[in-house]
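Visitor: Dropping the structure in here first, questions after.
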Amino acid sequence: GENVEQHPSTLSVQEGDSAVIKCTYSDSASNYFPWYKQELGKRPQLIIDIRSNVGEKKDQRIAVTLNKTAKHFSLHITETQPEDSAVYFCAAAYSGGYNKLIFGAGTRLAVHP
Amino acid sequence: NAGVTQTPKFQVLKTGQSMTLQCAQDMNHEYMSWYRQDPGMGLRLIHYSVGAGITDQGEVPNGYNVSRSTTEDFPLRLLSAAPSQTSVYFCASSYSTDGYTFGSGTRLTVV
């Protein structure tokens, strides 16, 4: 089955810096890669996703890149703000089949003013 | 739309008791899943369903049962609660090609 590894487990940056979180997946059939943000005590919320027919996707300060050959995908946050502080999860699934979504262990991002 | 509704929000059980965590969605989503979240371990898939009458095991199914008699509801049953099942449980639903929408979670403590 699918296995998703996520690094780093914690990340501390200064406000305005960039943050990068990396994930690898094991199942070459996976074709859908969402990222979730979870604030303390809240539910995970989808912030961006990418499908295997696309190499990069941007939404304002957030971007995701995918390298299918290496089975890597990454989340990039530019111009970080204190409200970006949260736990971020990557995930992988074979969309169109069972849509069984497997998550990485999470990255706790702290943005210091 | 209410989205994904989970009840109860909090529950304390004694070891050996059984209970059902309720999950309902009003978005006509085919896919529904149950996850548990423990500190440092992310979200681990317990069971999932691809439609009414169809369920399958996830990464950590032992000690849990599910059923999907309707599109809207996907209850999770703990057969005989153990302290190791102390966790936050999230239900989620989606269309086949979209990301999952999560419920607000159930915080379960087994003593």
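The values are calculated or read from the model by the stated rules, or taken from the named source; none is laboratory data. Remember, predicted model here, so these are calculated numbers, not experimental data. Counting neighbours? That spans all protein chains shown, and the Cβs are built from the backbone with ideal geometry, glycine included. Ligands, DNA and RNA are stripped out before the accessible areas are found, and what is left, the full protein with its side chains, is counted by its heavy atoms. Shrake-Rupley method; radii C 1.70, N 1.55, O 1.52, S 1.80 Å.
Visitor: In a solvent-free Debye calculation with one equal scatterer on each Cα, what is log10 I(q)/I(0) for the protein assembly as shown at q = 0.07, 0.14, 0.16, 0.18 Å⁻¹, listed in the order of the q values?
Guide: Relative scattering, expressed as log10 I(q)/I(0), comes to -0.22, -0.86, -1.09, -1.31.
Visitor: What residues of the stretch B:62-86 lie in the reach of a label at residue B:96, counting those whose backbone N is under 17 Å from a point 7 Å from the Cα along Cα→Cβ?
Guide: Residues B:71 fall inside that zone.
Visitor: Turning to a different aspect of this structure: If you take the alpha carbon radius of gyration of the stretch A:5-113 and divide it by 2.2 N^0.38 Å, what ratio comes out, to two decimals?
Guide: On the way: Rg = 13.4 Å, N = 109, 2.2 N^0.38 = 13.1 Å.
Normalised by 2.2 N^0.38 Å, the Cα Rg of the stretch A:5-113 equals 1.03.
Visitor: Let me ask you something else. Using Cα pairs closer than 8 Å and at least 6 residues apart in sequence, work out the relative contact order for chain A, in percent. Show your work: numbers first, answer last.
Guide: Details: 285 pairs, mean separation 41.8, N = 113.
Contact order relative to length: 37 percent.
Visitor: May I ask for the net charge around residue B:24, where only other residues with Cβ less than 9 Å from the Cβ of residue B:24 are counted and Lys, Arg are +1 while Asp, Glu are -1? Mind dumping the intermediate values first?
Guide: Details: positive: none; negative: B:26, B:72, B:73.
Its environment carries a net charge of -3.
Visitor: Let me ask something else. Excluding residue B:71 itself, calculate the net charge of residues whose Cβ lies under 13 Å from the Cβ of residue B:71, where each Lys or Arg counts +1 and each Asp or Glu counts -1.
Guide: Values: positive: B:68; negative: B:26, B:30, B:72, B:73.
My count for the surroundings of residue B:71 gives -3.
Visitor: Can you give me the relative contact order of chain B as a percent, contacts being Cα pairs under 8 Å and 6 or more apart? Please report the intermediate quantities before stating the final value.
Guide: Details: 292 pairs, mean separation 39.8, N = 111.
Computed value for chain B: 36 percent relative contact order.
Visitor: Let me ask another. Residue A:100: net charge of surrounding residues, Cβ under 11 Å, Lys/Arg +1, Asp/Glu -1, itself excluded?
Guide: On the way: positive: none; negative: A:2, A:27, B:56, B:59.
The answer is -4.
Visitor: Stokes-Einstein at 20 °C, 1.002 mPa s, Kirkwood radius from Cα pairs: D for chain B in µm² s⁻¹?
Guide: Numbers: Rh = 13.8 Å.
The estimated diffusion coefficient comes to 155 µm²/s.
Visitor: Can you count the Lys pairs in the protein assembly as shown whose Cα atoms are under 26 Å apart, with each pair 8 or more apart or on different chains?
Guide: Final tally of qualifying lysine pairs is 27.
Visitor: Also, quick follow-up: Can you give me the solvent accessible area of residue A:58 with a 1.4 Å probe, rounded to the nearest 10 Å²?
Guide: Taking all protein chains as shown, residue A:58 has close to 150 Å².
Visitor: Note the per residue figure in Å³ for the convex hull of the C-alpha positions in the stretch B:34-78.
Guide: Numbers: hull volume 3.2 nm³, N = 45.
Enclosed volume per residue, from the Cα hull, is 70 Å³.
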